[in-house]
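Okay, structure first, notes after.
Each reported figure results from applying straightforward, stated rules to the coordinates on display, with no laboratory input. Given the structure is predicted, the values throughout are model-derived calculations rather than measurements. Cβ coordinates were reconstructed from backbone atoms using ideal geometry, including for glycine residues, and neighbour counts include every protein chain displayed.
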Amino acid sequence: MWAIQRRLPIFSLTRDRRISSIEAGRYAVSADRVRTLARNYSCADAPYVYALTTMTGGRKRGWWEEHRDTLPSNLLDLAEVEYRATSLA
């Protein structure tokens with residue numbers, strides 16, 4: 001693992017957690033970060049990287065984002081589900 005961190009300076013223990021949070025959808029990712037990650041992972045497929053970067057930035061922050069460190073995760077999930085709901089079943 002340490003060899004990977006030396007090779008990819010973008011990673012640290014804190015950043016490893018950030019990557020997991022991005023993968024889980026807890027944090028949005030910028031187009032620049034997508035390009036950096038693609039470069040660090042040796043992804044040379046420019047159309048694919050471009051497609052990924054066009055998907056960034058579309059997520060609006062809800063009121064609950066400011067309270068992510070203090071509210072229980074099930075309440076945060078409920079707030080986001082209600083925010084994104086388009087109808088009642």
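Odds and ends about this structure:
- Approximate spin-label separation Ile19-Glu82, in nm, with each point projected 7 Å along Cα-to-Cβ: 3.6
- Local electrostatic count at Ala38 - Lys and Arg +1, Asp and Glu -1, tallied over other residues with Cβ under 12 Å: +1
- In terms of packing, defined here as the mean over residues of other Cβ atoms within 10 angstrom, the peptides 34-42, 70-78 line up highest first as 34-42, 70-78.
- If you plug the beta carbon distance of Leu75 and Ala28 into 1/(1 + (r/R0)^6) with R0 = 22 Å, you get a FRET efficiency near 0.65.
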